[in-house]
1. Taking THR29 as meeting all but one of (1) in a strand (DSSP E or B); (2) in the same structural domain as ARG161 (by TED's automatic domain parsing); (3) of a type outside the set (Lys, Arg); (4) surrounded by 13 or more Cβ atoms within 10 Å (Cβ to Cβ), write down the number of the exception.
2. On the given criteria, is MET84 out of contact with any Cys (no Cβ under 7 Å at 6 or more places or on another chain), closer than 25 Å to ALA164 by Cβ, surrounded by 17 or more Cβ atoms within 10 Å (Cβ to Cβ) and modelled with pLDDT under 90?
3. In the stretch 150-179, how many are surrounded by fewer than 15 Cβ atoms within 10 Å (Cβ to Cβ) and touching a residue at least 40 places away in the same chain (Cβ under 8 Å)?
4. Looking at HIS40, HIS52, HIS44, can you tell me which residue is in a helix (DSSP H, G or I) and more than 23 Å from GLN184 (Cα to Cα)?
5. Tell me which residues, restricted to the stretch 144-171, are assigned to a helix (DSSP H, G or I) and either more than 22 Å from PHE86 (Cα to Cα) or among the acidic types (Asp, Glu) (or both).
6. So, in the stretch 100-134, how many residues would count as being within 16 Å of ASP177 (Cβ to Cβ), without any contact (Cβ under 8 Å) to a residue 24 or more places away in the chain and of a type in the set (S, T, N, Q)?
7. Give just the number: which of (1) surrounded by fewer than 16 Cβ atoms within 10 Å (Cβ to Cβ); (2) in contact with a Gly (Cβ under 8 Å, 6 or more places away or on another chain); (3) of a type in the set (Val, Ile, Thr) does THR105 not satisfy?
Amino acid sequence: MAVNNVVCGAGIAGLTAGIDLATRGRNVTILEKENVVGGHASSHRLPNGFVHDMGLHVIIPDAVPLYEMVKAAGIESSLIRFDMQFGFLKDGQVNAFSPNPLSMTKFRLLGLRDKIRFGKLMMGINSISEGEFSNATAAEFVTDKISRKALESFFEPLLTRLSAVPPEALSATFFIDFLKLLGQVRNFKSCIPKTGIGELAEGLASHLESVGAALEPAQK
């Protein structure tokens with residue numbers, strides 16, 4: 001007998017959960033209160049052609065679970081690919097950074113000693129147990145493993161942007177997991193759908209319906 005399941009919210013998590021349940025033979029209905037799918041992974045497309053992504057901005061092909069969603073959504077051919085790069089605005093200058101070894105050697109916000117310490121940390125990152133730092137913050141971890149100066153000039157703006165909280169309030173285990181993921185990146189490329197990140201959720205919604213699940217509006 002088929003089991004009825006209701007999923008609240010058609011964000012990426014809700015859509016993938018609905019697809020997974022439907023492919024296991026369950027009757028699935030996803031309820032979404034907004035008139036668009038995606039949640040923080042939706043796109044606001046302006047009349048002048050600009051696209052405002054509401055949260056998620058890029059897709060990294062080396063992030064395998066996320067890229068598998070791209071394939072399921074059928075939008076792989078719609079992706080625009082570009083070099084992975086961050087920009088740090090300081091003292092009226094943009095300091096470009098890409099997480100590859102060559103870019104790191106040229107990055108001006110880290111001194112030579114901090115670059116060497118960061119490189120050594122990345123080389124041994126997979127041997128570090130998150131449990132050893134379960135009571136530490138990301139700020140304490142960076143200060144201990146690299147330096148306080150590196151925290152203030154590079155890691156604090158980076159982590160605050162990525163996590164929306166300062167490293168003093170961020171768990172060191174989160175930061176260690178982030179570095180381990182960063183260490184798996186090989187092609188240093190990012191991509192984005194031509195009409196915004198919302199294409200991912202919209203494609204997943206179409207796939208959801210193709211496997212027999214339903215997407216319905218929720219009562220606000």
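1. (2)
2. Taking the combined requirement at face value, the residue satisfies it.
3. Residues meeting the conditions: 1.
4. After ruling out the rest, the residue left standing is HIS40.
5. If the condition is that a residue be assigned to a helix (DSSP H, G or I) and either more than 22 Å from PHE86 (Cα to Cα) or among the acidic types (Asp, Glu) (or both), then ASP144, LYS145, GLU152, GLU156, GLU168, ALA169 are the ones that fit.
6. Residues flagged as within 16 Å of ASP177 (Cβ to Cβ), without any contact (Cβ under 8 Å) to a residue 24 or more places away in the chain and of a type in the set (S, T, N, Q) within the stretch 100-134 amount to 2.
7. For THR105, the exception is condition (2).
The values are calculated or read from the model by the stated rules, or taken from the named source; none is laboratory data. From a predicted model like this one, the values you see are computed outputs, not experimental measurements. All Cβ positions, even for glycine, are placed from backbone atoms using ideal geometry, and neighbour counts span all protein chains on display.
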